[in-house]
Amino acid sequence: MTPLRQRMLEDMQLRNFSTETQRSYLHYVSGFALHFNTCPSKLGLEEVRQYELNLISERRLSPQSINCYLAAVKFLYVKTLKMPFTAEDFPRQKVPTHLPVILSRAEIEDFFQQIPGLQNRAVLMVCYGAGLRIQEAVSLKITDIDSERMLIRVNQGKGAKDRYTLLGPRLLAALRAYWKRYQSNLWLFPGWRRYQHVSAGHIQRACRDAVKLAHLTRRITPHTLRHSFATHLLENGTD
């Protein structure tokens, strides 16, 4: 690890950036440096601009990915290298707004019937039944399930915030059926590696398999279940 990379990593840790944000920022800055085969400390705003154009025209990255690159190099130059640059020096891409895919209740039923594996089905039922993000779902611990108050505790969710979400009777029954088979000492959804929970990537692959088996034509991810959860609550009159 180069001294500059180490310094940037430490600067992110001091600001309590999530592990995923740290990984992402280092990934984009490494790509920037490799493109010019030069240490970023010897590059400037012109090279930042040239590489952004390369990401747009040659690599055809999405606006979201390009904005992530801009956030990474902005952090590097402004926070780590202490350069007198401003936000105007890192013009962001306009991100198009799309309405989320919402599944009907019939589609939800078809989808869950095709999910391979009891554990995969249980994780995705939590995404739909409690509105959790996929990383939040796989990271649940046994102690996060409060069956007395019918709540699920989400520890350090997005934005490093704790919160509670509802635990419906149907979801609780499904989790109890799952628990009879998959009992563990810590994680609700243990992975094959000792002391680790199941990976989000594994569940995402199971989700894609279920979409194909259910013959659903729209792009569906675990996050689609979160959107569908919120929409179905609104349709049922929930504030």
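Read the figures in this text as sums done on the coordinates, not as results from a lab. Computed from a prediction, not measured in an experiment: that's the story for all the values here. Counting neighbours? That spans all protein chains shown, and the Cβs are built from the backbone with ideal geometry, glycine included.
Brief remarks follow.
- Inverse of mean 1/r across different Cα pairs in the range 124-239, Kirkwood, Å: 15.0 Å
- Residues whose amide H lies under 5 Å from that of residue 141, counting only those 5 or more places away or on a different chain, are 188; hydrogens are built 1.01 Å from N in the peptide plane.
- Efficiency of FRET from Cβ geometry, residue 82 and residue 205, R₀ 35 Å, rounded to 0.05: 0.20
- Ranked by the mean number of other Cβ atoms within 10 Å per residue, highest first, peptides 19-27, 57-65 order as 19-27, 57-65.
- Straight-distance candidates among the lysines for linking to residue 161, with alpha-carbon spacing under 27 Å and chain neighbours fewer than 8 residues away dropped: 74, 79, 141.
- Both radii are taken from the alpha-carbon atoms of the range 1-134; with Rh as the Kirkwood radius, Rg/Rh is 1.12.
- Under the combined filter of DSSP loop state and at most 12 neighbouring Cβ atoms within 10 Å, the range 112-179 retains these trypsin sites (Lys or Arg not before Pro): 149, 158.
- Top of 12, 83, 125 by mean-square fluctuation, Gaussian network on the chain, Cα under 10 Å: 83
- Of the chymotrypsin sites (Phe, Trp or Tyr not before Pro) in the range 175-239, those whose Cβ has at most 12 other Cβ within 10 Å and which sit in DSSP loop: 192, 195
- Kirkwood-based shape ratio for the chain, expressed as Rg/Rh from alpha carbons: 1.04
- Structure-based [θ]222 nm, the chain - -39500 (n - 2.57) summed over DSSP H runs of at least 4, per residue, nearest 500: -16000 deg cm²/dmol
- Rounded to the nearest 20, the size of the Cβ-charge dipole of the range 82-195 about its Cα centre is 340 debye, with Lys and Arg at +1 and Asp and Glu at -1.
- Amide H partners (placed H, <5 Å) of residue 93, local residues excluded: 67
- Rounded to the nearest Hz, the phi-derived 3J(HN,Hα) couplings of the range 79-88 under the Karplus curve 6.51 cos²θ - 1.76 cosθ + 1.60 (θ = phi - 60°) are 8, 7, 8, 6, 7, x, 8, 10, 4, 5, where x marks glycine and proline.
- Spin-label model, residue 179/residue 97: points 7 Å from Cα along the beta carbon direction are separated by 4.2 nm.
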